[in-house]
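Q: My structure is below; once you've seen it, I'll send some questions.
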Amino acid sequence: MKECLFYTKLDDGAVRCDLCPHLCHIKDGGTGLCRSRVNHSGKLYAMSYGQPCSLAIDPIEKKPLYFFHPGEECLSLACTGCNLRCKGCQNHEISQVAPLDFEHYELTPEQLIELARKYHQDIIAYTYTEPLTWYEYTFDCCRLAHKNGMKNVLVSAGYVNEEPLRHLAPLIDAANIDLKYFNDQTYRQMSSATLPPILKTLEILKQHHVWLEITHLMIPGTETEDEFRAMCVWLVENGFADTPLHFSRFFPRYQLTEGYSPTPIGTLQCARQIAEQEGIKHVFLGNV
């Protein structure tokens, strides 16, 4: 374990995690909503530090990133944990479990760099779960990767507080952020998150000149056409017209199986047409 970077000590040995907007109040011996950060005798520790549960070599387009080193590969890694509770999570087997409940590797940041060199990978992607949940490991790996001339890719839901994000952003070369809904109530019901912090994340990454692409998973019945159009309008009005936008097809998973079906291809085609009408210049359909 490694002591966390962003937390506040409270009375009676409790702490408040300041990493994400949940601001979890954690008593001694307890963990936050993400299950990955534990209060041990009044100090907050990252339990999954140096313990990735998944390692793979992927095409960069799988992230998805279509305009960042297209045709190249990246070394992808993930630790368990996520600070969202998405009912249709596609990787719930590793995102919705605690570090001790899943098999993992022992891999220091230094060993990760060695592994990347061994397989001739110049890009490292922090992906599959929520890299901001295992923030300290992500940060140390990113810093070491830059020192060794490698590039860092962040694949995230973007639910993070401003200070930690600005601390990490200079080390990130490219990011794909999930903009799941454009309705705060739907975010709360479907993912246990809120919309404004994700929009702020997009703005901060843009300010730091991180190459950015956005994914929007289209789950049937979870948004209206007006909400969808409002999302596209917001993106254009806030300087994201040139940002590639990926509409991803939903397949029933996790808690969204009974009564749910895959997103009709026509729905995605209609979404692309609306996005282009509103001024989004690069629109792609995924999982089709």
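Derivation of every value follows stated rules applied to the coordinates shown; laboratory data play no part. All figures in this text were calculated on a predicted structure; none of them were measured in a lab. As a convention, Cβ positions derive from the backbone with ideal geometry for all residues, glycine included, and neighbour counts pool all protein chains shown.
Q: When segment 58-117 is examined, which residues are found to be among the charged types (D, E, K, R), in contact (Cβ under 8 Å) with a residue 40 or more places away in the chain and over 25 Å from ARG143 (Cα atoms)?
A: Those that are among the charged types (D, E, K, R), in contact (Cβ under 8 Å) with a residue 40 or more places away in the chain and over 25 Å from ARG143 (Cα atoms): ARG85, LYS87, GLU103.
Q: Report the residue count in segment 242-269 for those that are without any contact (Cβ under 8 Å) to a residue 40 or more places away in the chain, more than 21 Å from TYR66 (Cα to Cα) and of a type outside the set (S, T, N, Q).
A: Of the residues in that region, 4 qualify.
Q: Mind checking whether some residue in segment 103-114 is hydrophobic (A, V, I, L, M, F, W, C) and under 25 Å from ASP242 (Cα atoms)?
A: Within segment 103-114 (the criterion being hydrophobic (A, V, I, L, M, F, W, C) and under 25 Å from ASP242 (Cα atoms)), the answer is no, since none of the residues qualifies.
Q: Can you spot a residue in segment 85-94 that is surrounded by 17 or more Cβ atoms within 10 Å (Cβ to Cβ) and under 22 Å from HIS167 (Cβ atoms)?
A: Among the residues of segment 85-94, not one is surrounded by 17 or more Cβ atoms within 10 Å (Cβ to Cβ) and under 22 Å from HIS167 (Cβ atoms), which makes the answer no.
Q: Taking the condition of being within 18 Å of the chain's Cα centre (by Cα) and of a type in the set (Asp, Glu), how many residues in segment 1-55 meet it?
A: Residues that pass the stated criteria total 1.
Q: Could you give me the residue pairs with C-beta distances under 6 Å whose first residue belongs to segment 1-26 and is within 14 Å of CYS82 (Cα to Cα), whose second residue is assigned to a helix (DSSP H, G or I) wherever it lies, and which are 6+ apart or on separate chains?
A: LEU19/TYR135; LEU19/PRO164; PRO21/PRO197
Q: May I pose another question? Taking LEU10 as the residue in question, decide whether it is farther than 19 Å from TYR128 by Cβ, buried (at least 23 other Cβ atoms within 10 Å of the Cβ) and touching a Lys or Arg at 6+ places or on another chain (Cβ under 8 Å).
A: The answer is no for LEU10.
Q: Oh, and also: Which numbered condition in (1) within 18 Å of CYS20 (Cα to Cα); (2) buried (at least 19 other Cβ atoms within 10 Å of the Cβ) is the only one that ARG166 fails?
A: (2)
Q: Continuing with this model, one more query. Does GLY239 satisfy being surrounded by fewer than 16 Cβ atoms within 10 Å (Cβ to Cβ) and free of Cβ contacts under 8 Å to residues at least 40 places away in the same chain?
A: Yes.
Q: Could you figure out which of (1) at positive phi; (2) assigned to a strand (DSSP E or B) isn't true of ASP58?
A: (1)
Q: Taking segment 241-281 on its own, how many of its residues are under 19 Å from GLU213 (Cβ atoms) and touching a strand residue (DSSP E or B) at 6+ places or on another chain (Cβ under 7 Å)?
A: Looking only at that region, the number is 14.
Q: Where in segment 118-209 are there strands (runs of 3 or more DSSP E), lying fully within it, with 2 or more residues that are over 13 Å from the mean Cα position of the chain (by Cα)?
A: Values: elements: 123-126, 151-156, 174-178.
The strands (runs of 3 or more DSSP E) meeting that bar are 123-126, 151-156.
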